[in-house]
């Protein structure tokens, strides 16, 4: 009997737990999540001229995205994210309906259908020597005839059929070490001209037959001064090049096979020239553009020996490509900064003195300088030409300017987020009602009646639409104040361009933005770049009147020893509160778990000389720090040297000037991996703000296991040096992966395990007392995920569940890293189907809720996988008590449940990171994932056990209560009657 | 199913010498090979998929080393792939594809073998079909009295109805003497404690 009850109970538990997914109904999309699509910083843009494509623009970006955008609103028509090494070099439009891209250093040519982005064909070229690639699409392409594109890449010139991408002919130039700079075909001619340089001092012109690629003529002439390699074609028989010192221009004419050089010093042409010049890759006839340190010059070529400066633009400015308006008329655009505004001018090449168009546009100062401009024209109603410009700004944003106004802007810097943090919103003040939530009781009831209809699936399509609109409009989630559940926050992100943006978690709108380079650019700091953001001040008790703030750490140059800068930004307003130029470099920033009396968090900055600097620089913080200094350790991972070192801190610095905020580091330990057999691939540590609810784990049979919970646990994975490359480069015998668990204070290796026949890429997460890592198993040729759980055995005898339950247990006994740990390790491996791009673990406010792993798959989706699937105690045959505990029977691979994708039917293209933020409601975690797109949602790993869900039907509850009350009355009346009858009897 | 596979094997035996390297072959002057295949999204039209979604399907080599896209007819190819063992994954929203293990032999140039890693099925032609369709949303159950009754509120009402109408009936059917005995027994045992009701303790 008892057995049967047990079986029943076990079954019930399994049944309860079997519904793992926190799945979504289709009509719940957009209630708690939002998704924003971006493309990244635009590199090239082409405007289709054919009638059908007139309202769009096709672009390629630095995030390897190609996209077609709507010119009216800036929306994406279609978009493709190419592989991470598949950089787009050249783009063009052919036949009015194909979008041609040349990528991967000129080795892949693809044609896309312009209206819908379907790939039409793809062809690959063999590239022997990397070089700049060229794509030439003949302008006067006829639709009926077969036409060829010319592609020069890696020493070969290919002619490619425009219909199916077949290579018609190819010609090698690498033998002559000729590097082609320009390829062109004069209209109505069968001869292709290829001009380029041989070595550094010879100029070469090749005439090829367009039918077969046969070399008809080949002329070479040498120039003693040498070339730097940059050249600009000004007409069909003339080229302008820069000499090796970049201080002189060489005009080269190659009419009918005779090559003539003429050298002009730039200093003769322009005044106060110094430094180096560069040619801008813009295509005008008879004009070329030259860039010096301070300005951009437009120079007209009148003859071989005659150059004339037409115009000079001071930086920051940008010149667009030439736009052909008619047979002999070309136009180009110039954008220049005039204080806070930008000046957009369009000029015709025939009449340079007077521009066609001059507009001054107000631009957001948080966008920085103009980087690129692309222009297109349209015909106005009075048959004159109108122009619009696509402007790429320094913060990677893209704007369309037309008739003096910014028509739309895209915040495409968000495609390259490098770091993020969160901030709480202000507390709602009393007496200030932020939104009138529900107007009156009648409206409220009506809304709920409608919702009830929806849940009972009795609603008509119109009503369903009304319900959906009502839910999405819910003003509650977009308020600018703190909410009870902690769902409303600000996500503060830092982009690669150096822009700080605050996004509201309710709908993802931008609350404020701050652009760092323009803020910190100065003589001493020419190329400021922001590195990371940290929490600086999170007011809790003491400084409640203060706004929270974040710390942005940056560097003045690209090298590691460049001087750093600090900036403290108010999280509510986005204003810089104060900034600081540091006198040292920044290698590592360590946020300490200490705050000063104004609740500013203490940070240690390690510079290139391994000295630690304490911030904020106040007496108060030094006093707090000195008290805790003996407990503060740091470690550094030197990937190149395959070494891990641990340090402690000491007072006093060996600086010339005494500095009480500077501390010395002393090496305590080091782990050197044998470089011939191991190479550091990945490291992972626990999140510093992670909360662990309980140190003990009660397993079946009322036994207790103690988790080895240490903040200093460091996971390191090394691979065989041979197997450090991609999959497919090694055999299983040559590959292995070694996983280490290291105590970062003492350098003690707690556990070491070798996986033979395994290789990277490795993704790992460490949480509580476990680590999960994903790698490739070459023997099975499948991906694998392993889990290691580490338990403390030194306290194993101290187990009494009742003591633990009653809180009488002595868990406060000090745990020191220096006491010799007696640990026990359990591990297990499972197959996993997909490649992984990023991995994270859910985090909740108190750490009570069970954990889920968030896995960013190769398909750019985020999968939530319950940690219980990665339990090392899973077994093929489970005992009764283990079944009751909810252990899942062992399977060789981890399940992929489509409903468990937190991104549901969306993709976070180019996924790079997943961040989890605990909400105040214990059951809920906020998830922010970013890549080219950004996506936010909230998930409840064990369902929302501590609150009613949003679609809880109050109406149904009301009906139930009414029904129950009615039933009580009915039965009461009935019983009264019955009693009366009995009495009468 | 059995019969069909037997047919395939017979077909292979017959034509094994004629079967060309439908999968691949050396290409151009490079040292690599070309992997060419075909992705079949069956039922894509029946489900009302627009060509837009099909154009967003990607084929990924070696976990992101290279990415290519499907052509309108579903074909794809990777060029200049070195000999060795590779992995191909297909990413198409709404479908679950098994990764494919591709072996390019270096001794026997151009010989390529393919197998699904999920179920170790050997592919004789690189035609990739989804193992299953993926449904990302829970489906709302159509309205039924059962689901209403199963909800907590339904259970509450149901239980109450049960108690109100069935309990008196049960009491009526009970033998008065038996009832008295049971009441006495209860009094003798005292208040039943929770631990007594737990199944573990009773045995």
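Please state which one of A:66, A:76 is surrounded by fewer than 20 Cβ atoms within 10 Å (Cβ to Cβ), more than 16 Å from the chain's Cα centre (by Cα) and touching a residue at least 12 places away in the same chain (Cβ under 8 Å).
A:76
Give the number of residues within segment A:59-99 that are part of a strand (DSSP E or B) and within 14 Å of chain B (Cβ to nearest Cβ).
Of the residues in that region, 13 qualify.
Just need a number here: residues in segment A:487-509 that are surrounded by fewer than 21 Cβ atoms within 10 Å (Cβ to Cβ) and in a strand (DSSP E or B).
Result for segment A:487-509: 1.
Go through segment A:931-959 residue by residue and tally those that are within 12 Å of another protein chain (Cβ to nearest Cβ) and more than 30 Å from residue A:920 (Cβ to Cβ).
Total meeting the criteria: 1.
Among all residue pairs at least 6 apart or on different chains, which show Cβ distances below 7 Å where the first residue, located in segment A:422-448, is within 24 Å of residue A:537 (Cα to Cα) and the second is at pLDDT below 75?
A:428/A:434
Run residue A:130 past the list (1) part of a loop (DSSP other than H, G, I, E, B); (2) within 9 Å of chain B (Cβ to nearest Cβ); (3) without any contact (Cβ under 8 Å) to a residue 40 or more places away in the chain and report the number of the one that doesn't hold.
Checking residue A:130 against (1) part of a loop (DSSP other than H, G, I, E, B); (2) within 9 Å of chain B (Cβ to nearest Cβ); (3) without any contact (Cβ under 8 Å) to a residue 40 or more places away in the chain, the one that fails is (2).
Select, from A:753, A:698, A:709, the only residue that is at pLDDT below 85, away from every other protein chain (no Cβ under 14 Å) and over 30 Å from the mean Cα position of the chain (by Cα).
Matching residue, one of A:753, A:698, A:709: A:698.
Spot the failing condition for residue A:647; the list is (1) under 30 Å from residue B:61 (Cβ atoms); (2) part of a strand (DSSP E or B), and only one is missed.
Checking residue A:647 against (1) under 30 Å from residue B:61 (Cβ atoms); (2) part of a strand (DSSP E or B), the one that fails is (1).
Would you be able to tell me the number of residues in segment A:817-871 that are in a strand (DSSP E or B) and more than 29 Å from residue B:101 (Cα to Cα)?
6
Please indicate, with yes or no, whether at least one residue in segment A:2-20 is more than 9 Å from chain B (Cβ to nearest Cβ), in a helix (DSSP H, G or I) and at pLDDT 50 or above.
No, there is no match, as no residue in segment A:2-20 is more than 9 Å from chain B (Cβ to nearest Cβ), in a helix (DSSP H, G or I) and at pLDDT 50 or above.
Of the residues B:67, B:163, which single one is within 10 Å of another protein chain (Cβ to nearest Cβ), free of Cβ contacts under 8 Å to residues at least 12 places away in the same chain and closer than 24 Å to residue A:126 by Cα?
B:67
Looking at A:123, A:103 in this structure, which one is surrounded by 22 or more Cβ atoms within 10 Å (Cβ to Cβ) and within 11 Å of another protein chain (Cβ to nearest Cβ)? First the steps, then the outcome.
Details: A:123 fails: surrounded by 22 or more Cβ atoms within 10 Å (Cβ to Cβ).
Step by step, each of A:123, A:103 is checked, and only A:103 is surrounded by 22 or more Cβ atoms within 10 Å (Cβ to Cβ) and within 11 Å of another protein chain (Cβ to nearest Cβ).
Does segment A:778-785 contain any residue that is in contact (Cβ under 8 Å) with a residue 12 or more places away in the chain, farther than 19 Å from residue A:863 by Cβ, away from chain B (no Cβ under 14 Å) and not in a strand (DSSP E or B)?
no
Determine whether segment A:181-190 contains at least one residue that is within 14 Å of chain B (Cβ to nearest Cβ) and touching a residue at least 24 places away in the same chain (Cβ under 8 Å).
no
Taking segment B:121-138 as the region of interest, how many residues are within 16 Å of the chain's Cα centre (by Cα), more than 8 Å from chain A (Cβ to nearest Cβ), surrounded by fewer than 17 Cβ atoms within 10 Å (Cβ to Cβ) and assigned to a loop (DSSP other than H, G, I, E, B)?
2
Anything in segment A:896-915 that is part of a strand (DSSP E or B) and either surrounded by fewer than 21 Cβ atoms within 10 Å (Cβ to Cβ) or within 14 Å of another protein chain (Cβ to nearest Cβ) (or both)? List them, or say none. So that I can check it myself, show each step before the final result.
Filtering segment A:896-915 for residues part of a strand (DSSP E or B) gives A:901, A:913-915.
Residues satisfying the conditions are A:901, A:913.
Testing residue B:98 on (1) modelled with pLDDT under 85; (2) within 11 Å of another protein chain (Cβ to nearest Cβ), one condition comes back false. Which one is that?
Just one mismatch for residue B:98, condition (1).
For segment B:101-114, give me each residue that is at pLDDT 85 or above, buried (at least 17 other Cβ atoms within 10 Å of the Cβ) and either more than 8 Å from chain A (Cβ to nearest Cβ) or within 23 Å of residue A:904 (Cβ to Cβ) (or both).
Scanning segment B:101-114 gives B:102, B:104, B:114.
Quick one: in segment A:960-971, of everything that is surrounded by 14 or more Cβ atoms within 10 Å (Cβ to Cβ) and under 20 Å from residue A:449 (Cα atoms), which residue is nearest to the other protein chains (Cβ to nearest Cβ)?
The qualifying residue nearest to the other protein chains (Cβ to nearest Cβ) is A:960.
Answer with yes or no whether residue A:924 is free of Cβ contacts under 8 Å to residues at least 40 places away in the same chain, away from chain B (no Cβ under 14 Å) and over 21 Å from residue A:763 (Cα atoms).
Spelling it out, it is not the case that residue A:924 is free of Cβ contacts under 8 Å to residues at least 40 places away in the same chain, away from chain B (no Cβ under 14 Å) and over 21 Å from residue A:763 (Cα atoms).
Of everything in segment B:81-94, what is surrounded by fewer than 22 Cβ atoms within 10 Å (Cβ to Cβ) and either more than 7 Å from chain A (Cβ to nearest Cβ) or under 23 Å from residue A:759 (Cα atoms) (or both)? Give them in sequence order. Reasoning before the result, please.
Within segment B:81-94, the first condition is being surrounded by fewer than 22 Cβ atoms within 10 Å (Cβ to Cβ), and the residues that meet it are B:82-85, B:91, B:93-94.
B:82, B:83, B:84, B:85, B:91, B:94, listed by residue number.
For segment A:892-942, give me the residue count where each residue is touching a helix residue (DSSP H, G or I) at 6+ places or on another chain (Cβ under 9 Å) and at pLDDT below 90.
So the count comes out to 3.
Within segment A:187-209, identify whether any single residue is under 38 Å from the mean Cα position of the chain (by Cα) and exposed (fewer than 14 other Cβ atoms within 10 Å of the Cβ), and answer yes or no.
No, there is no match, as no residue in segment A:187-209 is under 38 Å from the mean Cα position of the chain (by Cα) and exposed (fewer than 14 other Cβ atoms within 10 Å of the Cβ).
Which ranges mark the strands (runs of 3 or more DSSP E) fully within segment A:219-321 that have 2 or more residues being more than 17 Å from residue A:334 (Cβ to Cβ)? Steps first, answer last, please.
Values: elements: A:227-235, A:238-243, A:248-253, A:260-265, A:287-291, A:295-303, A:306-314, A:317-319.
Output list reads A:227-235, A:238-243, A:248-253, A:260-265, A:295-303, A:306-314.
The values are calculated or read from the model by the stated rules, or taken from the named source; none is laboratory data. Every value quoted in this text rests on a predicted model; they were computed, and no experiment measured them. Reconstructed Cβ throughout: ideal geometry from the backbone, glycine too, with neighbour counts over all protein chains shown.
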